[in-house]
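Down below is the structure, laid out as structure tokens.
The values are calculated or read from the model by the stated rules, or taken from the named source; none is laboratory data. Values in this document were obtained by computation on a predicted structure and should not be read as measured data. Note that each Cβ is placed from the backbone with ideal geometry, even for glycine, and that neighbours are counted across all protein chains shown. SASA here: full protein model, heavy atoms, side chains in, ligands and nucleic acids out. Shrake-Rupley method; radii C 1.70, N 1.55, O 1.52, S 1.80 Å.
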Amino acid sequence: MSYLEKIEYEIVPQESLSIIRNCSGCGKKSTFKNTKRFRVNANGNRLDVWLIYQCDKCKHTYNLAIYERTKVSSLPKNEYQCFLSNDEQLAEMYGRSYQLLKKNRAEIDLESISYQYARLKGISDGANYEQLVEIIIHNPCRLKIRPEKQIAEVLSLSRSQVKKMTELGDITMQIVSPQIISFYVKTYLMRQEGEI
């Protein structure tokens, strides 16, 4: 009976995602960065909350919508207080949210993102597994990183080593979607890297 080890990683931005947009101060497209501050506007029992971004060059600001015309009672009190006090951790969390930026139709500056790989889980289908380990890499922000580079970074190898191992059949890659790649690597190679 054969068993398979499965290890999953997620590519996580190490800082807020910058956006590219037309800047009325500069008169052209510019990079805007998260200021880690919120703008909160209440109108009766409705609330608007924005995350404030700022142009790198002229400091012109742009408000990225988090909540629009939302009932105050529907927000958790703790989160509401964090908005009012400009909680940096909450601002950083929203600034890393690919879904929030896409909802606002923001163009993400994919070239300047620093990232790391967070190990999500490792699952073994049995005590003794055969010769292959399946590694799945999730890329929820759709960062432009070549699949070979992702594999090389996870395995702490050079891209030329990954290319050679792929040619020898030690690594088999499958692109599941733009956000997920899966690859199989021989168990002995993972043992050398101390992954399992």
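Can you tell me the FRET efficiency between Lys59 and Gln99 if r is taken as the Cβ-Cβ distance and R0 is 30 Å, rounded to the nearest 0.05?
On the way: r = 27 Å, r/R0 = 0.91.
After rounding to 0.05, the efficiency reads 0.65.
Using a/c under 1.5 as the rounded threshold, could you call segment 79-125 rounded, prolate or oblate? The axes a ≥ b ≥ c are square roots of the C-alpha gyration tensor eigenvalues, and prolate needs a/b larger than b/c, oblate otherwise. Don't skip to the answer; put the middle values down first.
Details: a/c = 2.28, a/b = 1.41, b/c = 1.62.
Here segment 79-125 falls in the oblate category.
Please tell me which of these pairs span more than 24 angstrom C-alpha to C-alpha: Lys121/Lys164; Lys29/Lys103; Lys103/Lys149; Lys28/Lys149; Lys59/Lys144?
Lys121/Lys164; Lys103/Lys149; Lys28/Lys149; Lys59/Lys144
Using helices alone, what [θ] at 222 nm do you get for the chain, with -39,500 (n - 2.57) per DSSP H run of 4 or more residues, divided over all residues and rounded to the nearest 500?
Working: 6 runs with 48 residues, N = 196.
One gets -6500 deg cm²/dmol as the mean residue ellipticity at 222 nm.
Answer with a single label: of (1) 12.2; (2) 14.7; (3) 10.2, which was calculated as mean projected area of the Cα convex hull in nm² from the structure in view?
(2)
Tell me which of Ile66, Gly44, Thr31 sits at the most positive position along the dipole axis of segment 7-109, charges placed on C-beta atoms (Lys, Arg +1; Asp, Glu -1).
Gly44
At 0.36 nm per residue, minus the direct Cα-Cα distance, what do Ala42 and Ala118 gain on full extension? Give it in nm, one decimal, please.
On the way: separation 76, 0.36 × 76 = 27.36 nm, distance 3.79 nm.
Computed gain between Ala42 and Ala118 is 23.6 nm.
Ranked from the most accessible area to the least, with a 1.4 Å probe and all protein chains present, what is the order of Met173, Met93, Met165? List each step's numbers first, then the result.
Values: Met173 70, Met93 105, Met165 25 Å².
Listed by decreasing accessible area, they come as Met93, Met173, Met165.
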